[in-house]
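Chemist: Input: one structure, supplied below.
The values are calculated or read from the model by the stated rules, or taken from the named source; none is laboratory data. If you're wondering where the values come from, they're calculated on a predicted model, not measured in any experiment. Here the Cβ positions follow ideal geometry from the backbone for every residue, glycine too, while neighbour counts run over all protein chains shown.
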Amino acid sequence: MDDHVAGRIRLIRAIREQQGLSRQTLARRAGISWKWLSTIEQGAGNPSEKAIAQLFNGLGVGAELQHNILAQFRMNALPRAEFDAEDQAELDAHPYPMWAQHMSSHDVYGTNEQYERMFPGIKPGTNAMVWTVTDPRARELMPDWLHDARVMVQWFLTMSTVLVEPAHRDEIISQCAVNDIWEMLCTPLRPHLLIRRTLTVYDPEIERVRTFTRLVSEAHMPEARPWAVGKLVPRPDEPPVIG
């Protein structure tokens, strides 16, 4: 099987084990033979896209999350690249917070001024999850901090098993583990809760809490880049900014 398929099968196994499911249980949910599941988890066979989707569905990983997972595998397969002046110019042109990061590790490659004002301490070369988990300002600025932190941690714990170098994964975990509630943050969430469409955060521009739509996409202009680009855009139902 090719690398994309093999990686997703490893991910399926990791999620299955996180959920405490036996191969027999997942196979029954997915409508496939557990012996065949055992075969492909060991790296043999050539599962179809339909079979992979059935397995993800059996784990409660819906179509939207599957799409996000596949996008991460695409980005991870791209050659390394430097975040350059043109990449930074794209972020600087956006009037609201915008950033670039590795979606599995939460390593930050680029930020604009609006983002750094909203999340003081996150800048290129830092890790957004480490900041969220360990910096006291995160709790002050994010009213839904506990949920937002758990989502980031679960996404990391799930995807990093396949898409982050083990030594770097261990380094990130050790930095986060200084938080007394780290173990609680690692408590598994149901897969559908890993989709974050909005983010509520204190906006220093208007000095109040504000809810943004969170848009994340692959960076591919003028060429594919091995990171994702995120934007925060005010929701249309937000009160207007006066002044």
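Chemist: State all residues of region 117-135 that are loosely packed, with under 15 Cβ neighbours inside 10 Å and under 15 Å from Met103 (Cα atoms); if no residue qualifies, say none.
Modeler: Gly125
Chemist: Now for a separate question. Which residues, counting only those in region 142-168, are of a type in the set (D, E, K, R) and either under 13 Å from the mean Cα position of the chain (by Cα) or under 16 Å from Gln72 (Cα atoms) (or both)? Can you show your working first?
Modeler: Taking region 142-168 first, the residues of a type in the set (D, E, K, R) are 144, 148, 150, 165.
Passing the criteria: Asp148, Arg150, Glu165.
Chemist: Residues in region 69-82: is at least one closer than 20 Å to Arg150 by Cβ and outside the structural domain of Ala228 (by the TED database)? Reasoning before the result, please.
Modeler: Initially, region 69-82 is screened for residues closer than 20 Å to Arg150 by Cβ, giving 69, 72.
Of the ones still in play, those that are also outside the structural domain of Ala228 (by the TED database) are 69, 72.
Yes, because at least one residue in region 69-82 is closer than 20 Å to Arg150 by Cβ and outside the structural domain of Ala228 (by the TED database).
Chemist: Could you list, in sequence order, all residues of region 152-181 that are part of a helix (DSSP H, G or I) and of a type in the set (A, V, I, L, M, F, W, C)?
Modeler: Once the filter is applied, which keeps residues that are part of a helix (DSSP H, G or I) and of a type in the set (A, V, I, L, M, F, W, C), region 152-181 yields Met152, Val153, Trp155, Phe156, Leu157, Met159, Val162, Leu163, Ala167, Ile172, Ile173, Cys176.
Chemist: If I go through region 103-140 residue by residue, how many of them are on the phi < 0 side of the Ramachandran plot and outside any helix (DSSP H, G or I)? It would help to see each step written out before you state the result.
Modeler: Here is the first cut: in region 103-140, the ones on the phi < 0 side of the Ramachandran plot are 103-105, 107-120, 122-124, 126-140.
From the residues that got through so far, the ones that are outside any helix (DSSP H, G or I) too are 103-105, 107-112, 119-120, 122-124, 126-127, 135.
Matching residues across region 103-140 total 17.
Chemist: Filter region 45-68 for residues that are free of Cβ contacts under 8 Å to residues at least 40 places away in the same chain and either part of a helix (DSSP H, G or I) or touching a strand residue (DSSP E or B) at 6+ places or on another chain (Cβ under 9 Å) (or both) and give the result. Give the derivation first.
Modeler: Going residue by residue through region 45-68, those that are free of Cβ contacts under 8 Å to residues at least 40 places away in the same chain are 48-51, 53-54, 57-58, 63, 66-67.
Result: Glu49, Lys50, Ala51, Ala53, Gln54, Asn57, Gly58, Ala63, Gln66, His67.
Chemist: Select, from Ala149, Ala71, Ala100, the only residue that is out of contact with any strand residue (DSSP E or B) (no Cβ under 7 Å at 6 or more places or on another chain), of a type in the set (A, V, I, L, M, F, W, C) and either assigned to a helix (DSSP H, G or I) or under 24 Å from Asp170 (Cα atoms) (or both).
Modeler: Testing whether each residue is out of contact with any strand residue (DSSP E or B) (no Cβ under 7 Å at 6 or more places or on another chain), of a type in the set (A, V, I, L, M, F, W, C) and either assigned to a helix (DSSP H, G or I) or under 24 Å from Asp170 (Cα atoms) (or both) leaves just Ala149.
Chemist: Another one. Restricting to region 74-97, what's the tally of residues that are farther than 15 Å from Arg8 by Cα and part of a helix (DSSP H, G or I)?
Modeler: Restricting attention to region 74-97, the residues satisfying the condition of being farther than 15 Å from Arg8 by Cα are 78-97.
Filter again for part of a helix (DSSP H, G or I), leaving 85-92.
Qualifying residue count, region 74-97: 8.
Chemist: Taking region 22-50 as the region of interest, how many residues are within 25 Å of Ser104 (Cα to Cα) and out of contact with any helix residue (DSSP H, G or I) (no Cβ under 8 Å at 6 or more places or on another chain)? Spell out how you get there, then give the answer.
Modeler: First, the residues of region 22-50 that are within 25 Å of Ser104 (Cα to Cα): 26, 40-43, 47-50.
Still in the running and out of contact with any helix residue (DSSP H, G or I) (no Cβ under 8 Å at 6 or more places or on another chain): 42, 48-50.
So the answer is 4.
Chemist: With the structure loaded, tell me whether Asp170 is surrounded by 15 or more Cβ atoms within 10 Å (Cβ to Cβ) and either modelled with pLDDT of 95 or more or not assigned by the TED database to the domain that holds His102 (or both) or whether it fails that test. Before you say what the answer is, go through the steps one by one.
Modeler: Working: surrounded by 15 or more Cβ atoms within 10 Å (Cβ to Cβ): no; either modelled with pLDDT of 95 or more or not assigned by the TED database to the domain that holds His102 (or both): yes.
No; evaluated as a whole, the condition is false for this residue.
Chemist: A follow-up question, please. Please count how many residues of region 182-217 are in a strand (DSSP E or B), exposed (fewer than 14 other Cβ atoms within 10 Å of the Cβ) and in contact (Cβ under 8 Å) with a residue 24 or more places away in the chain.
Modeler: 2
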